[in-house]
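The values are calculated or read from the model by the stated rules, or taken from the named source; none is laboratory data. As the structure is a prediction and not an experimental result, all values here were calculated from the model. Every residue, glycine among them, receives a Cβ derived from its backbone with ideal geometry; neighbour counts consider all protein chains shown.
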Amino acid sequence: MKKALDDITVVEYAELMSGPMCAKMFSDMGAEVIKIELPDRGDQARHLPPFAGDVPHPEKSGMFLYLNTGKKSLTLDPTKPTGASIFRKLISSADVLIENHPPGFLASIGLDFASLHAINPRLIVASITPFGQHGPYKDWKGCDLIEWAMSLAGYNTPTLVDDEENENPLRAPGHAAEMMGATNAAAAIMCALFHRDTTGEGQWIDAPCWQATVNTAKIEMAVYSYFGVPFSRLRGKQPAGLEPLPCRDGYVYTLWAADSHFTALKALLGNPPALDSELFDTLAGRQANDDALRMLIRQELIKYDMEYLVTEGQKLGLTIGPVYTVAQAAEHPHLTARQAFAEISHPVAGCFKYPQHLVSLSRTPPSPLRAPMLGEHTAEILSQLGISHEEQQRLRATGII
């Protein structure tokens, strides 16, 4: 079956999270993605847990297996002159290069955008970094934790605290900032491909992860822009009903700011007399008496199971949802019905369930394949570049491939 991007060739010279995630979006959509990995070591993600069977192994890292579905692995060291020459051959017919090295690194090995563009004027280069290719912080060392912490989202995690001095900001789970940088870069690459179709010219995309994360904090930015007042994490300065609360077997997230929300919530809880006070009849009243109201609602929610609260609350038009564990989400019938997960078999790691795709396409559905083993496609790719078997043996002996 034809895939959406099966006429696109992407070279990925990247490691860990941001670059590989960006390239994964293309491989899952059918693009040929050639992943360049250093000989012997490979992508650093190969050495990070969790590992299949809890046994450290470069072919069993769950992080690597997920981020590199459907790619081809070419072991190559472009920092060596011969390796750089092979890199240029590879780039000469590629559509896209995705890289996430520090600014200036590619230039230091003679592979800057200007040099690559001279070889292939149609080439699109996406550089994903913590802070971008220019600006005072461009050379700062960064990682997902730092990018998140420096964003407005980082300061506001968590919100609804009672003491800003003693309840410090927390890190969000996962790799949110680098994921945002990756998805921004992928969208920009698609825009650049459309531009190239019109003009025949490639271009250089500067995709900083910090900027992508800051851009998600539009409300906080607007509040500061309009009023000159920083967004507050304090509970007392937020609208009523904006946090997850415990129920009998977990947590639910619900709102009771609008009158219709509060009426539906009372009905869901059996219209308990304690909530029928005139103090809570209006939004202003609910905000002014939030501490007392929140405690009363907690006392009622704890009497019910999560499934009942969510199912019946939705029927009443209440904005309410469950707070799921990983296991609950992975086994959820809604995601199962949408085929959100696929079992993928790997010759070393084994067979596991993977998140299958971010979106569904009716005519060209994405279908991720397994991640490559280190250097699995080196001989195939080099042969296509006209490099003989004998020359490949010499390159392997000298550590270039």
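Residues in the range 174-208 that are among the small types (G, A, S) and either more than 21 Å from A149 (Cα to Cα) or not assigned by TED's automatic domain parsing to the domain that holds A153 (or both): A186, A187, A188, A192, G200, G202. With respect to the stated conditions, T9 fails to be of a type in the set (S, T, Y), more than 19 Å from I189 (Cβ to Cβ) and at pLDDT 95 or above. Would you mind stating whether T79 is within 26 Å of P130 (Cα to Cα), free of Cβ contacts under 8 Å to residues at least 60 places away in the same chain and among the hydroxyl-bearing types (S, T, Y)? In short, yes. Here is a check on your reading of the model: is A176 of a type in the set (A, V, I, L, M, F, W, C) and under 30 Å from A327 (Cα atoms)? For A176, the condition - of a type in the set (A, V, I, L, M, F, W, C) and under 30 Å from A327 (Cα atoms) - is met.
Kindly provide the set of residues from the range 254-264 that are surrounded by fewer than 20 Cβ atoms within 10 Å (Cβ to Cβ) and either within 36 Å of the chain's Cα centre (by Cα) or acidic (D, E) (or both), ordered by number. Matches in the range 254-264: L255, A257, A258, D259, S260.
Of the residues contained in the range 345-362, none is found to be closer than 16 Å to M306 by Cα, more than 23 Å from the chain's Cα centre (by Cα) and free of Cβ contacts under 8 Å to residues at least 60 places away in the same chain. I need the full set of residues from the range 351-368 which are surrounded by 13 or more Cβ atoms within 10 Å (Cβ to Cβ) and part of a loop (DSSP other than H, G, I, E, B), in order please. Scanning the range 351-368 gives Q356, H357, L358, T364, P365, P366, S367, P368. P169 falls short of the stated requirement of being exposed (fewer than 15 other Cβ atoms within 10 Å of the Cβ) and assigned to a loop (DSSP other than H, G, I, E, B).
For the range 131-151, does any single residue satisfy the condition of being buried (at least 21 other Cβ atoms within 10 Å of the Cβ), closer than 25 Å to M21 by Cα, at pLDDT 95 or above and not acidic (D, E)? Taking every residue of the range 131-151 in turn, at least one turns out to be buried (at least 21 other Cβ atoms within 10 Å of the Cβ), closer than 25 Å to M21 by Cα, at pLDDT 95 or above and not acidic (D, E). Once the range 265-285 is narrowed to residues that are over 17 Å from I302 (Cα atoms) and at pLDDT 90 or above, the residue that is surrounded by the fewest Cβ atoms within 10 Å (Cβ to Cβ) is E278. Considering only the range 381-397, I want to know if a residue exists there that is touching an Asp or Glu at 6+ places or on another chain (Cβ under 6 Å) and either among the hydrophobic types (A, V, I, L, M, F, W, C) or not in a loop (DSSP other than H, G, I, E, B) (or both). Scanning the range 381-397 turns up no residue that is touching an Asp or Glu at 6+ places or on another chain (Cβ under 6 Å) and either among the hydrophobic types (A, V, I, L, M, F, W, C) or not in a loop (DSSP other than H, G, I, E, B) (or both). Which ones in the range 113-170 are over 23 Å from the mean Cα position of the chain (by Cα) and among the β-branched types (V, I, T)? Hits for the range 113-170 are I119, V161. Candidates are the residues of the range 107-121 that are outside any loop (DSSP other than H, G, I, E, B) and aliphatic (A, V, I, L, M); the one that is surrounded by the fewest Cβ atoms within 10 Å (Cβ to Cβ) is A114.
Where helices (runs of 4 or more DSSP H) fall entirely within the range 278-343, those with at least 2 residues that are farther than 30 Å from S362 by Cα and touching a residue at least 40 places away in the same chain (Cβ under 8 Å) are at 283-288, 290-301, 306-315. The set of residues in the range 64-105 being surrounded by 22 or more Cβ atoms within 10 Å (Cβ to Cβ), part of a helix (DSSP H, G or I) and under 26 Å from the mean Cα position of the chain (by Cα) consists of F64, L65, L67. The requirement of being closer than 29 Å to T325 by Cβ, touching a residue at least 12 places away in the same chain (Cβ under 8 Å), surrounded by 13 or more Cβ atoms within 10 Å (Cβ to Cβ) and outside the structural domain of G317 (by TED's automatic domain parsing) is satisfied by V161.
For the range 297-327, filtered to residues that are of a type in the set (K, R) and under 18 Å from P246 (Cβ atoms), the residue that is modelled with the highest pLDDT is K303. So in the range 336-351, with the set limited to residues that are out of contact with any Lys or Arg (no Cβ under 6 Å at 6 or more places or on another chain) and at pLDDT 95 or above, which one is nearest to P58 (Cα to Cα)? Top of the filtered list is V348. If the condition is being touching a His at 6+ places or on another chain (Cβ under 7 Å) and either in a helix (DSSP H, G or I) or free of Cβ contacts under 8 Å to residues at least 24 places away in the same chain (or both), then the range 122-158 contributes only D144.
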